[in-house]
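S.K.: Handing you this structure, nothing more for now.
Laboratory data are not the source of any read-out in this text; all were calculated from the coordinates shown. As the structure is a prediction and not an experimental result, all values here were calculated from the model. No Cβ is skipped: glycine too gets one built from the backbone with ideal geometry, and neighbour counts run over all protein chains shown.
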Amino acid sequence: MTTDSRIRILVGKVGLDGHDRGAKIIARALRDAGFEVIYTGLHQTPEMIVTTAIQEDVDAMGLSVLSGAHNTLFPRVLSLLREKGAEDIVVFGGGIVPQEDMPGLLAAGVKRIFTPGASTSDVIEWVRENVPHRRTEERNHGTDPALR
Amino acid sequence: MAEVRKSRSRKEWEMNTLGPALAGMGERQREFSTVSSFPIERLYAEEDLAGWWDAGRDADAPGEPPYTRGIHPTMYRGKLWTMRQFSGFGSAADTNSRYHYLLEHGQMGLSVAFDLPTLMGRDSDDPLAEGEVGREGVAIDTLADMECLFDRIPLDRVSTSMTINSPASILFAMYLAVAEKQGVPLEKLEGTIQNDILKEYIAQKEWIYPPRPSLRIITDIMAFCAETVPKWNTISISGYHIREAGATAVQELAFTLADGICYVQAGIEVGLDVDVFAPRLSFFFNSHNDFFEEIAKMRAARRMWAGLMRERFGAKNPASWKLRFHTQTAGCSLTAQQPYNNIVRVTVQALAAVLGGTQSLHTNSLDETLALPTEEAVRIALRTQQILAEESGVANTVDPLGGSYFVETLTRRIEEEAAALMEKIESMGGIIPAIEAGFPQKAIADASYRYQQQVDRGEKTIVGMNRYQIEEEEPVETLRIPIEVELTQKKRLAQLRASRDARRVGRSLDTIERAARSGGNLMPPILQAVRDYATVGEICTTMKRVFGEYREVSVF
């Protein structure tokens with residue numbers, strides 16, 4: 001069996017925001033910690049991100065928004081995931097998000113937002129504890145034609 | 001009287017005085033280094049300067065090449081640096097009131113922050129603009145917004161800096177059109193457009209077209225300004241964003257000067273006289289936490305640029321040799337934790353910029369890791385500069401650190417390291433091939449990851465964040481941009497589209513497209529299109545048809 005037991009995480013930049021220092025650091029730290037990481041690059045629309053997440057069959061997505069557009073972009077991503085029946089993908093994020101916006105984002109389904117000062121080990125530890133394998137069986141079938 | 005033991009050489013001192021001290025209690029760390037991990041020695045003394053430091057060349061002559069000690073003979077005794085706070089948010093009217101507020105409080109020049117859609121050449125009603133309108137800067141779609149932005153601000157009496165890159169030609173044309181409406185002759189206008197596309201590919205990531213057509217737009221602007229707006233600074237060659245993206249001080253310096261070389265070459269290649277356009281190039285550096293490293297970087301930058309302009313490009317006009325620069329304190333150094341500590345960081349960084357000989361300065365506000373700054377936070381930031389300028393005494397003499405063993409040696413070391421990195425870029429064929437190969441992008445990503453690991457391991461201290469933490473108190477008050485700003489701006493844009501002469505707009509966009517294809521200077525047709533109230537997005541879309549769009553190969 002060609003099972004890859006590693007958790008798969010999409011790290012993405014959504015919207016026009018070009019601040020990718022944090023996203024790249026997180027992508028690299030998660031990769032170094034043993035996760036499989038897909039980095040989307042810049043200027044992704046919520047639709048593009050969700051399509052990639054589903055195509056790549058990820059277990060979680062970490063989205064970085066430093067432009068202040070988080071209240072628009074996160075809920076959009078979550079509602080698209082629900083529309084496509086992929087709401088079990090764990091969504092977390094990072095960026096300049098004021099405390100008062102947190103409750104709304106959590107209510108929309110974001111599991112956790114990391115704000116300035118979070119360390120890479122905080123993020124790694126959180127992912128280990130909060131991101132379960134998703135549809136592992138199906139993925140194995142999907143990746144190994146012999147099992148179909 | 002007891003006999004005083006005095007060492008006659010470094011060796012002797014090390015044996016007699018240092019040795020016992022080290023044996024007794026040692027030092028705090030095994031090695032010391034700057035925030036960029038540049039190694040720092042225990043002591044710098046006369047012998048560190050021996051053999052290369054020429055008092056005649058390096059110590060005596062501010063206002064003379066290579067300008068290590070400053071580009072003006074009197075520096076801040078003659079004129080203080082320009083205090084220029086970067087600001088923009090919400091609608092043009094919101095930002096216009098902030099400008100009046102800043103000018104009333106003693107700010108000397110304006111600096112426009114545009115919102116992301118504007119920076120990316122998109123209109124407020126573009127689908128990708130959703131949620132971003134007016135949020136990180138002011139939303140400008142057409143000349144009507146620009147008229148509102150500079151309402152009751154006489155453009156012949158302020159100098160204006162505009163942080164705009166890919167669509168710089170368009171926003172600059174709008175500024176010129178506002179000046180025309182105010183009756184101000186264009187040759188009187190003073191200011192700067194950032195217009196530095198190369199650092200967009202390297203660090204800031206707000207691009208539209210690929211590098212080569214982008215360079216052509218820039219040389220069009222340089223040629224147009226030489227004729228029509230001679231006092232305008234056509235490019236602000238920026239290390240700031242490179243540093244914010246995680247570069248070291250040496251990388252910031254090397255990549256910025258490499259970008260500068262590319263612009264000068266491009267200007268010469270299209271037949272412009274280097275001594276006409278080079279004096280209108282200015283620079284923009286970051287001032288980070290490591291005090292002496294920043295000062296040394298700024299001093300090295302001046303010396304290196306003077307050498308490049310004279311020797312490599314054969315510039316004859318001393319104004320071409322002088323590296324003039326703006327500085328902003330390092331946004332990435334600020335912490336969300338115990339945010340009032342940021343005032344202190346900004347003070348130290350601003351002091352470094354002043355001792356580094358900056359021509360203008362933006363000091364960040366204490367709340368900028370949380371949101372755009374409030375009026376009170378901006379006022380404290382401006383007052384920080386005023387206290388440095390008018391209370392501290394540091395502006396009373398030229399280059400007070402000149403001749404310091406440490407500062408001179410560090411200046412030299414940073415110059416050598418940056419020159420080696422620039423050699424490497426040259427060997428790749430210059431900065432554009434280097435960008436296409438992802439070289440600076442990868443170098444910055446590596447440096448930023450290394451620094452983050454040092455912070456996470458506690459090897460580099462960030463006070464209040466990885467040391468001296470407290471239970472965080474109530475968050476400070478921040479500026480909120482209501483979502484209504486976006487709705488109002490979209491409505492305003494829709495009304496404008498309905499009321500303007502659509503046929504004129506169509507014709508002026510066609511003229512831009514023809515100029516883009518034929519190679520004619522783009523500035524005159526862009527100026528006509530903005531007078532006709534064509535939008536930023538319409539003009540960019542027109543040019544994209546000819547120039548295409550840039551796609552990045554992402555590396556992490």
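S.K.: Can you give me the Rg/Rh ratio for the stretch B:207-294, using Cα atoms for both radii and the Kirkwood formula for Rh?
M.R.: Here the Rg-to-Rh quotient is 1.02.
S.K.: Counting other C-beta atoms within 10 Å, and keeping those with at most 15, which DSSP coil trypsin sites (Lys or Arg not before Pro) do you find in the stretch B:118-175?
M.R.: Passing both the DSSP loop test and the Cβ count: B:ARG152, B:ARG157.
S.K.: Please compare each pair in A:LYS111/B:LYS491; B:LYS181/B:LYS322; B:LYS188/B:LYS424; A:LYS24/B:LYS297; A:LYS111/B:LYS297; B:LYS231/B:LYS490 to a cut-off of 31 Å on the Cα-Cα distance and tell me which ones are over it. Don't skip to the end; give the middle numbers.
M.R.: Numbers: A:LYS111/B:LYS491 35 Å; B:LYS181/B:LYS322 34 Å; B:LYS188/B:LYS424 41 Å; A:LYS24/B:LYS297 26 Å; A:LYS111/B:LYS297 43 Å; B:LYS231/B:LYS490 35 Å.
Where the Cα-Cα span goes over 31 Å, the pairs concerned are A:LYS111/B:LYS491; B:LYS181/B:LYS322; B:LYS188/B:LYS424; A:LYS111/B:LYS297; B:LYS231/B:LYS490.
S.K.: Also, quick follow-up: Counting DSSP beta bridges in the protein assembly as shown, what percent are antiparallel, to the nearest 5?
M.R.: Just about 5 percent of them are antiparallel.
S.K.: Tell me the Kirkwood hydrodynamic radius of the stretch B:260-415 in angstroms, computed as one over the mean inverse distance between distinct C-alpha pairs.
M.R.: Here the Kirkwood hydrodynamic radius works out to 16.9 Å.
S.K.: As I understand it, the dipole of chain A uses +1 on the Cβ of Lys and Arg and -1 on the Cβ of Asp and Glu, about the Cα centre. Which of A:LEU10, A:HIS43, A:ILE113 lies farthest toward its positive end?
M.R.: Positive-most Cα among the choices belongs to A:HIS43.
S.K.: Suppose each label sits 7 Å from its Cα in the direction of the beta carbon; what would the B:GLU47-A:ASP32 distance come out to in nanometres?
M.R.: 3.9
S.K.: When the helix-only estimate is applied to chain B (DSSP H runs of n ≥ 4, each -39,500 (n - 2.57), divided by the residue count), what is the mean residue ellipticity at 222 nm, nearest 500 deg cm²/dmol?
M.R.: -14000 deg cm²/dmol
S.K.: Could you state the orientation-averaged shadow area of the convex hull built on the Cα atoms of the protein assembly as shown, in nm² to one decimal? Could the numbers behind the result be given before it?
M.R.: Numbers: hull surface 144.1 nm².
About 36.0 nm², averaged over all directions.
S.K.: Give a quick list of GluC sites (Glu not before Pro) in the stretch B:337-394 that DSSP marks as loop, anything other than H, G, I, E or B, with at most 10 other Cβ atoms within 10 Å.
M.R.: Answer in residue order: B:GLU391.
S.K.: To make sure I understand the rule: partners must be aspartates and glutamates, Cα under 18 Å from the Cα of B:LYS11, and not fewer than 8 residues away in the same chain. Which ones qualify?
M.R.: Those aspartates and glutamates meeting the cut-off are B:GLU41, B:GLU46, B:GLU47, B:ASP48.
S.K.: With r as the distance between the Cβ atoms of B:LEU103 and B:SER392 and R0 = 25 Å, compute the FRET efficiency 1/(1 + (r/R0)^6) and round to 0.05. It would help to have the intermediate numbers written out before the result.
M.R.: Numbers: r = 24 Å, r/R0 = 0.96.
The pair B:SER392/B:LEU103 has a calculated efficiency of 0.55.
S.K.: Now, a different point. Find the relative contact order for chain B and round it to a whole percent, using C-alpha pairs within less than 8 Å whose residues are 6+ positions apart.
M.R.: 19 percent.
S.K.: For q = 0.08, 0.09, 0.12 Å⁻¹, what log10 I(q)/I(0) does chain B give under the Debye formula with an equal point scatterer on each alpha carbon and no solvent?
M.R.: With no solvent term, the Cα-only Debye profile gives -0.54, -0.68, -1.22.
S.K.: When only DSSP loop residues count, what chymotrypsin sites (Phe, Trp or Tyr not before Pro) in the stretch B:295-365 have their Cβ near at most 15 other Cβ atoms within 10 Å? Intermediate values should be presented prior to the final figure.
M.R.: Details: sites: B:TRP305, B:PHE313, B:TRP321, B:PHE325, B:TYR340; in loops: B:PHE313, B:TYR340.
Taking the stretch B:295-365 and a limit of 15 other Cβ atoms within 10 Å, the loop chymotrypsin sites (Phe, Trp or Tyr not before Pro) found are B:TYR340.
S.K.: Say each of B:GLU426 and B:ARG383 gets a label point 7 Å from the Cα, pointing the same way as Cα to Cβ; how far apart are those two points in nm?
M.R.: 5.0
S.K.: So in chain B, what percent of DSSP beta bridges are antiparallel if you round to the nearest 5?
M.R.: If we restrict to bridges inside chain B, about 5 percent are antiparallel.
S.K.: Just need the relative contact order of the stretch A:8-135 here, percent rounded to a whole number, with Cα pairs under 8 Å and 6+ apart.
M.R.: 26
S.K.: Given points 7 Å out from each Cα along the Cα-Cβ axis, report the B:THR541 to A:ASP88 separation in nanometres with one decimal.
M.R.: Label-label distance for B:THR541 and A:ASP88, simple model: 4.2 nm.
S.K.: In whole Å, what is the distance between the alpha-carbon centres of the stretch B:486-556 and the stretch B:1-69?
M.R.: Computed from Cα coordinates, the inter-centre distance equals 58 Å.
S.K.: Now, a different point. May I ask you to compute the full-extension gain from B:ALA319 to B:ARG457, defined as 0.36 nm times their residue separation minus their alpha-carbon distance, rounded to one decimal in nm?
M.R.: Length gained between B:ALA319 and B:ARG457: 45.0 nm.
S.K.: I've got another one for you. Mind putting together the pair-distance distribution for the stretch A:8-135? All Cα pairs, 5 Å bins, whole percent per bin, short to long.
M.R.: 2, 11, 25, 27, 23, 11, 1
S.K.: Given the -39500 (n - 2.57) contribution per DSSP H run of 4+ residues, what per-residue ellipticity at 222 nm results for chain A, rounded to the nearest 500 deg cm²/dmol?
M.R.: Computed mean residue ellipticity for chain A: -12500 deg cm²/dmol.
S.K.: Could you work out how much longer the chain between B:ARG551 and B:LYS11 gets when fully extended? Use 0.36 nm per residue separation minus the Cα distance between them, nm to one decimal.
M.R.: Residue separation times 0.36 nm, minus the Cα-Cα distance, leaves 188.7 nm.
S.K.: Please list the non-local residues whose amide H lies under 5 Å from the amide H of A:GLY117, H modeled 1.01 Å from N, same-chain partners needing a gap of 5 or more.
M.R.: Amide H neighbours of A:GLY117: none.
S.K.: Here's a follow-up. List every residue whose amide H lies under 5 Å from the amide H of B:LEU479, counting only residues 5 or more places away in sequence or on a different chain, with H placed 1.01 Å from N in the peptide plane.
M.R.: Correct list: B:LEU372, B:THR374.
S.K.: A further question follows. Between B:LYS442 and B:ARG312, what FRET efficiency follows from the Cβ-Cβ distance if R0 is 25 Å, with the result rounded to 0.05? It would help to have the intermediate numbers written out before the result.
M.R.: Working: r = 26 Å, r/R0 = 1.06.
Efficiency for this residue pair is about 0.40.
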